[in-house]
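A.B. asks: My questions will all concern the structure given below.
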Amino acid sequence: MQRTVSTDDWRVLRGVLPGSAVVSDPVELIAYEMDGSLGLGQPQGVILPRSTQEVAEVVRWAAARGLPVVARGAGTGLSGGAIASEGGVILSLARMKRITELDEVGRSVVVQPGVIHLTLDEFVRTRGLYYPPDPASGRACTIGGNLAENAGGPHCFKYGVTTNYITGLEVVLADGRVIRTGGRAFDYPELDLTGLLVGSEGTLGVITEAECRLMRNIPGIKTMMAIFNSVEEAGAAVSAVIARGLIPATLEMMDRGMIGIVENYAHAGLPTDAEALLIIEADGYAESLESQMTEIAQVLRQQNARELRTAQTAAERDRIWYARKSAFGAIAQISPAYLIVDGTVPRSKLAPVLAEINRICDRHRLRVGYVFHAGDGNLHPLILFDPSDAEMVHRVHEAGREVLELCVRIGGTITGEHGVGTEKRAYMPMMFNPGELRAMQEIKEVFDPQGIMNPGKILPEAEVKGQDAGVGGQDAGVRGQGSGGRSQGAANSPRSVEEAAEALRDLAAAGRPYRIRGGGTKSGLLPAPVLAKPGMATTLSTAALTGITAYAVDDLYVTARAGTTLAELQAELARDRMWTPLVSPWSAATIGGIVATNFNAPLRMRYGAIRDLVLALTAVLPDGRIIRAGRAVVKNVAGYDLAKLFIGSHAALGLITDVTFKLWPAPRARASLIAGVDTLAHGLEVGGRLLRVCLTASALLLCHGCELPGVSAPYALVYTAEGVPEDVQVELAQAQAVLEAGGLTAARRVDALAGSQVWAEWLRTALAAGMTLRVAAPPKDLARVGLPTFRRLATLPASSAPFIADLASGLVYLQSAEIAAARQAAQRLGGYAIVLSGEQATPVAAGFDPWGYAPEGLDLMAALKARWDPQALCNPNAFIV
């Protein structure tokens, strides 16, 4: 039953907010009853705060009265996420529209949630920067809405979705408390609450500020339309382009029906007699565009493209994209309403899926058109209908349900970018077993015990309440078997996810703590467990969980079991000239260990961090629940992003048993420039200038004590670029010019050298020599303050103390025992300092804290740990929780 807001309640609120910030007139509220979906919800009031403090006041006011709070941006969402389906108040963030900080050197921006997406995009472009997520509603939607839904867009095939560009958030929690998660530095030693909150649709808190990562603006773009005589041929062409090792910036598709509708609206010169068309873009330096498009065109002709049209001017390109982004609006010409079904499928399955969707709609006597992101398999069938015809509305929803069942059945998801909201809430059990849904419900309860934050969205609560936390889906078949049939070896080194689940249940029943171990390269030197009960901790090894279980070149993913070494995985992928862009200092490093520790190499600047490369993973919670988080598709926003919680968790939340990675074609060219530098100050000055060049760069290092060919100076800069040969050539020429302008005229090009390998070799050697620190600061502050300060903390004489600095990521690795001073210096800059561990390094003393960091959301992290591991048996005192 909805609680009514009384006159006294409104009077209290108006006492702490400006009068214009509170809207309760029923006529004015009508505009807030809907968003871009088919849903409706009547709020009791709308509040328009201008600051985080005012948001916190509103949430405290609502919490005291048990009122639902629904955060809202521009109301363009397509899943019912911004409607007041259970009453309460709408918190419109439209007045919080400031861009509060831009860092051009470190390439980041801080924005409030009410900033219009297009405003941010245009602003950063004036400074030579680029924010890649580009939802079709970018002219109207807000950054806050993008964060809530983890928005995507056409360019996300190559560059990723919103979550890949968010490094930190300011959030108002359900009790009115304000916390920050993450920040401007990278790889904070904390559970990734930032990744959890992005895409949570306002059900865990209200985001009031976001710290966003930017790229250098892309210098050149070439756009082509490929025209086909069948949808099947167009779908096959998408897979063929990708299988060739080509990654266009976009791959969009329309079918004949939609082409006609859009052309009649936009008059962009689309071929109305075509059965399908692809919009394909290549980007990079101008020197590479012709060769990229020539190769793409060759593949398209082999796949029976009947005609190829290349935009010759920016105006022609703009017309094509105006048509594409006008598709949804154009539908109004021929139908009063439509249902957008936002499922995603593996892209190699596009043709058969489209054929089956046509059969579904024919069976229900419904008209359907297609405009969608073919490159990432994100389908957008638009099912047309008359909302005044109740029987037709029923058929539309039945067809939509069948389409989503089809998507899930072939390995896809119920929503790629529009979110679950109210619209797909009932479909969540299609994807998730009861144990997985219960895990999401437990997250909700940790963040929002009263259930006031956007209730009635995402979770089908009737489905999860009362479920046995250890039963359901994948793990139901092994419960009750006991351990009588398993050897001790299987218990300590499980050979399957089912054996792992049984082992963790047995350990929980016995109250026995355990340590999870992969290759031992990072876990072997953790502090000894501090046990609540006498006895030895069990070691649970992933050594028997090895091998590749799924590999799809056409769909650009691979799934490997956690005990597989990175070296083994890369060797297998290399047969097809593919790779997952990861590098480790240790040959024995396993997939599970790398993901659990979030151990990133410098090449993250080119390809993204581990959190950006992981599409899915399977984990076993300490109570034995098997959790499948994510799917083997680029876009998936169904439910909470559980995978983010396990990445960098140091196995504190459970055992990762397999990981699915996004694949990249192996770079066709790679080369490095190495320049000796006489002083640290000079190296930092020139390094800061080089940061502005980076586009295809995969490393920008400043090091001391590295053994590099031809370098006799005490310091050295290493700049690596990789990708297509023309782009590498152009970028290294630009970097060379910066070096020469800085007086470094003796730079040497080395084709066989990669900066991440320099980093790996240095770190492996340093860890063998003694305690090594990783010190982090926002990249903008590293050169100005951080590195000179951290450098002075080294314990060896200045002439011999080695360090290596990943300038693009703001990370410095150095040998030092001055951990307290390093932490103090880093934290002043908004960073941190941790002690790294490695197989040959000196073990840290029992009871010593290698992290020295207390995030503002630590209580939430500890509460979640307690929910999933109430006896604190899983990797005790191995991480901050």
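The values are calculated or read from the model by the stated rules, or taken from the named source; none is laboratory data. A quick note: this is a predicted structure, and the numbers were derived from the prediction, not measured. Reconstructed Cβ throughout: ideal geometry from the backbone, glycine too, with neighbour counts over all protein chains shown. The area values use the complete protein model at the heavy-atom level, side chains included, leaving out ligands, DNA and RNA. Shrake-Rupley method; radii C 1.70, N 1.55, O 1.52, S 1.80 Å.
A.B. asks: Using alpha-carbon positions, what is the distance between the centroids of the range 409-436 and the range 225-249, in Å?
C.D. replies: 28
A.B. asks: Of L102, G369, Q824, which is farthest towards the positive pole of the chain's charge dipole, taken about the Cα centre with +1 and -1 on the beta-carbons of Lys, Arg and Asp, Glu respectively?
C.D. replies: So the residue furthest toward the plus end is Q824.
A.B. asks: Quick one, which of [x] 80, 65, 64; [y] 89, 72, 58; [z] 100, 81, 60 is the actual Cα extents along the principal axes in Å calculated for this model?
C.D. replies: Correct label, based on the coordinates given: [x].
A.B. asks: Once the range 40-134 is represented by equal point scatterers at the alpha-carbon sites, with solvent omitted, what log10 I(q)/I(0) does the Debye formula produce at q = 0.16, 0.20, 0.23 Å⁻¹?
C.D. replies: Results for the range 40-134 at q = 0.16, 0.20, 0.23 Å⁻¹ read -0.75, -0.97, -1.12.
A.B. asks: Taking a 1.4 Å probe, which of Y265, Y32 shows the most accessible area, and what order do the others take after it? If you can, show how the numbers build up before the last one.
C.D. replies: Working: Y265 100, Y32 50 Å².
Ranked from most to least accessible, the order is Y265, Y32.
A.B. asks: While we're here: Per DSSP H run of at least 4 residues, take -39500 (n - 2.57); add these up for the chain, divide by its residues and hand me the 222 nm value, nearest 500 deg cm²/dmol.
C.D. replies: Working: 30 runs with 282 residues, N = 881.
That calculation yields -9000 deg cm²/dmol at 222 nm.
A.B. asks: Any idea how far apart T126 and R363 come out in nm if each label point goes 7 Å out from Cα toward Cβ?
C.D. replies: 5.5
A.B. asks: Could I ask something else about it? Calculate what fraction, in whole %, of the accessible area of the chain sits on carbon and sulfur atoms when a 1.4 Å probe is rolled over the protein chains.
C.D. replies: On the way: 15260 of 30080 Å².
Using a 1.4 Å probe with all protein chains present, the chain comes out at 51 percent carbon and sulfur.
A.B. asks: Using the crude model of +1 on Lys and Arg Cβ and -1 on Asp and Glu Cβ, and no other charge, please compute the dipole size for the range 1-160 relative to its Cα centre, in debye to 20.
C.D. replies: So the magnitude is around 220 debye.
A.B. asks: Still on this structure, I have one more. Which whole-Hz couplings ³J(HN,Hα) result when phi for each residue of the range 594-605 is put into the Karplus expression 6.51 cos²θ - 1.76 cosθ + 1.60, θ = phi - 60°, listed in order with x for Gly and Pro?
C.D. replies: 5, 6, 5, 9, 6, 8, 9, 8, x, 5, 3, 5
A.B. asks: Let me ask something else. Any idea of C407's accessible area? Nearest 10 Å², probe 1.4 Å.
C.D. replies: 0
A.B. asks: Where the centroid of each part is defined by its Cα atoms, how far is the range 86-137 from the range 809-838 in Å?
C.D. replies: Cα centroid of the range 86-137 versus Cα centroid of the range 809-838: 31 Å apart.
A.B. asks: Next question. Would you mind getting the accessible area per residue of the chain, heavy atoms of the protein chains only, 1.4 Å probe, in Å²? Intermediate values should be presented prior to the final figure.
C.D. replies: On the way: 30080 Å² over 881 residues.
It amounts to 34 Å² per residue over the chain.
A.B. asks: Between I656, L613, N433, whose Cα lies farthest towards the positive end of the dipole of the chain when Lys and Arg beta carbons carry +1 and Asp and Glu beta carbons carry -1, centred on the Cα centre?
C.D. replies: So the residue we want is I656.
A.B. asks: What do you reckon, how do F328, F447 stack up by accessible area (1.4 Å probe), largest on top? Could the numbers behind the result be given before it?
C.D. replies: Values: F328 45, F447 15 Å².
Greatest to least solvent exposure: F328, F447.
A.B. asks: Now for a different question. Calculate the FRET efficiency for R409 and D175 from the Cβ-Cβ distance with a Förster distance of 56 Å, rounded to the nearest 0.05.
C.D. replies: Values: r = 41 Å, r/R0 = 0.74.
So, using R0 = 56 Å, E works out to roughly 0.85.
A.B. asks: Related question: Using the Cα centre as the reference, give the magnitude of the dipole from point charges on the C-beta atoms of the range 730-786 (Lys, Arg: +1; Asp, Glu: -1; all else neutral), rounded to the nearest 20 debye. Mind dumping the intermediate values first?
C.D. replies: On the way: 6 positive and 5 negative charges, 38 e Å.
I would put it at about 180 debye.
A.B. asks: Karplus couplings for the range 85-95 from phi (6.51 cos²θ - 1.76 cosθ + 1.60, θ = phi - 60°), rounded to Hz, Gly and Pro as x?
C.D. replies: For the range 85-95, the Karplus curve yields 5, 10, x, x, 10, 9, 9, 7, 9, 4, 8 Hz.
A.B. asks: Additional query: For the range 69-181, what is the percent of antiparallel DSSP beta bridges, rounded to the nearest 5? Walk me through the intermediate numbers first.
C.D. replies: On the way: 9 of 13 bridges.
DSSP beta bridges in the range 69-181 are roughly 70 percent antiparallel.
A.B. asks: Another question, if that's okay. Which entries in K424/K865; K325/K349; K349/K522; K349/K865; K444/K635 show an alpha-carbon gap greater than 31 Å?
C.D. replies: Cα-Cα > 31 Å for K349/K522; K349/K865; rest within.
A.B. asks: Taking N as the number of residues in the range 209-324, what is its Cα Rg relative to 2.2 N^0.38 Å? Please report the intermediate quantities before stating the final value.
C.D. replies: Details: Rg = 14.8 Å, N = 116, 2.2 N^0.38 = 13.4 Å.
Against the compact-globule rule of thumb, the ratio is 1.11.
A.B. asks: Sticking with this one: To two decimal places, what compactness ratio does the range 107-245 give when its Cα radius of gyration is scaled by 2.2 N^0.38 Å? Walk me through the numbers before you get to the answer.
C.D. replies: Numbers: Rg = 17.5 Å, N = 139, 2.2 N^0.38 = 14.3 Å.
Scaled against compact globular proteins, the figure is 1.22.
A.B. asks: Moving to a separate point now. 5 Å is the cut-off here: which amide hydrogens, built 1.01 Å from N in the peptide plane, fall below it relative to L615, excluding neighbours closer than 5 in sequence?
C.D. replies: Residues meeting the amide H criterion: T660, F661, K662.
A.B. asks: Okay, moving on. What spacing in nm lies between the two simple spin-label points modelled at Y551 and R95, each 7 Å away from Cα in the Cβ direction?
C.D. replies: If labels sit at Y551 and R95, their model points lie 5.9 nm apart.
A.B. asks: Further, regarding this structure: In whole Hz and in residue order, list the ³J(HN,Hα) couplings for the range 501-512 that follow from phi through the Karplus curve 6.51 cos²θ - 1.76 cosθ + 1.60, θ = phi - 60°; x for Gly and Pro.
C.D. replies: Calculated HN-Hα couplings, in order: 4, 5, 4, 5, 5, 4, 5, 5, 5, 8, x, 9 Hz.
A.B. asks: Take the Cβ-Cβ distance between N217 and R512 as r, set R0 to 45 Å, and report the resulting FRET efficiency rounded to the nearest 0.05.
C.D. replies: Numbers: r = 55 Å, r/R0 = 1.23.
The computed FRET efficiency comes out at 0.20.
A.B. asks: Turning to a different aspect of this structure: Taking the Cα centre of the chain as origin and charging only Cβ (+1 Lys, Arg; -1 Asp, Glu), how large is the dipole, in debye to the nearest 20? Write out the running numbers ahead of the final one.
C.D. replies: Numbers: 82 positive and 90 negative charges, 260 e Å.
Using Cβ point charges on Lys, Arg, Asp and Glu, the chain gives about 1240 debye.
A.B. asks: Separate question: Would you mind getting me the FRET efficiency between A733 and A681? Use the beta-carbon distance for r and R0 = 35 Å, nearest 0.05. Don't skip to the end; give the middle numbers.
C.D. replies: Working: r = 26 Å, r/R0 = 0.74.
After rounding to 0.05, the efficiency reads 0.85.
A.B. asks: How far is it, in nm, from the label point at A332 to the one at L118 when both lie 7 Å from their Cα along the line to the Cβ?
C.D. replies: Modelled inter-label distance: 1.5 nm.
A.B. asks: Under a Cβ-Cβ limit of 4.7 Å, which cysteines in the chain have nobody to pair with?
C.D. replies: Result for the chain is C141, C156, C212, C361, C407, C694, C874, no neighbouring Cys Cβ within the cutoff.
A.B. asks: Now a separate question. Using 0.36 nm times the number of residues separating N229 and A820, minus their current alpha carbon distance, what extension gain do you get? If you can, show how the numbers build up before the last one.
C.D. replies: Details: separation 591, 0.36 × 591 = 212.76 nm, distance 6.76 nm.
Result: 206.0 nm gained on full extension.
A.B. asks: Run the numbers for S587 and E391: contour at 0.36 nm per residue of separation, minus the present Cα-Cα distance, in nm.
C.D. replies: On the way: separation 196, 0.36 × 196 = 70.56 nm, distance 6.25 nm.
Between S587 and E391, full extension yields an extra 64.3 nm.
A.B. asks: Here is a follow-up. Of the options A571, P26, V730, report the single residue whose Cα projects farthest towards the positive end of the charge dipole of the chain (beta-carbon charges: Lys, Arg +1; Asp, Glu -1).
C.D. replies: A571
A.B. asks: Among DSSP bridges having both ends in the chain, what percentage is antiparallel? Round to the nearest 5.
C.D. replies: Of those bridges, close to 90 percent are antiparallel.
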